[in-house]
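Q: One structure is given below, represented as structure tokens, and several questions about it will come after.
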Amino acid sequence: MSKKMIGDLMKQAQVMQQEMGKIQEESKKKTVEASAGGGMVVATANGALEVVSIKIEKDVVNPEDIEMLQDLVLAAINEALRQAQQMVSDDMSKVTGGMNIPGMGNMFG
């Protein structure tokens, strides 16, 4: 491989890295929402895989069945985080063209 080809590859890698950094920052501002129990519990997560809000309808709060509420909260959070991870992955694939770049699969975890 010639020095020019290596230089061109390095420039392309730098541009891609800059674009991926921009996407990471933009993803932190984007959110996804997931619900459980027919909307009784709603979790919102951002692209940094942080849960930013939880909404719980008062009708689902039953002191006699705390386990159900815990299960619904857990289900909503897990689904919101799964969707947020998919959102980031989809955004990243736009930059990488679907290439599997080692170390990039779990950028936020």
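The values are calculated or read from the model by the stated rules, or taken from the named source; none is laboratory data. Worth saying up front: this structure is predicted, and the values here are computed from it rather than measured. Using ideal geometry, Cβ is built from the backbone for each residue, glycine included, and neighbour counts are taken over all protein chains shown.
Q: Among the residues of the range 49-80, which ones are aliphatic (A, V, I, L, M), assigned to a loop (DSSP other than H, G, I, E, B) and surrounded by fewer than 16 Cβ atoms within 10 Å (Cβ to Cβ)?
A: Across the range 49-80, the qualifying residue is only Val61.
Q: Have a look at Ile56, Ile101, Ile77 and point out the one that is modelled with pLDDT of 95 or more and either within 17 Å of the chain's Cα centre (by Cα) or within 21 Å of Lys22 (Cβ to Cβ) (or both).
A: Criteria check complete, one pass: Ile77.
Q: Considering the range 19-36 alone, what residues qualify as being in a strand (DSSP E or B) and hydrophobic (A, V, I, L, M, F, W, C)?
A: Those that are in a strand (DSSP E or B) and hydrophobic (A, V, I, L, M, F, W, C): Val32, Ala34, Ala36.
Q: Going by the structure shown, is Val42 β-branched (Val, Ile, Thr), closer than 23 Å to Ser93 by Cα and assigned to a strand (DSSP E or B)?
A: It is false that Val42 is β-branched (Val, Ile, Thr), closer than 23 Å to Ser93 by Cα and assigned to a strand (DSSP E or B).
Q: In addition: Would you check if Met20 is more than 15 Å from Asn78 (Cα to Cα), without any contact (Cβ under 8 Å) to a residue 40 or more places away in the chain and hydrophobic (A, V, I, L, M, F, W, C)?
A: So Met20 does not fit the description; no.
Q: Please work out if Ile23 is among the β-branched types (Val, Ile, Thr) and at pLDDT 95 or above.
A: Answer is no for this residue.
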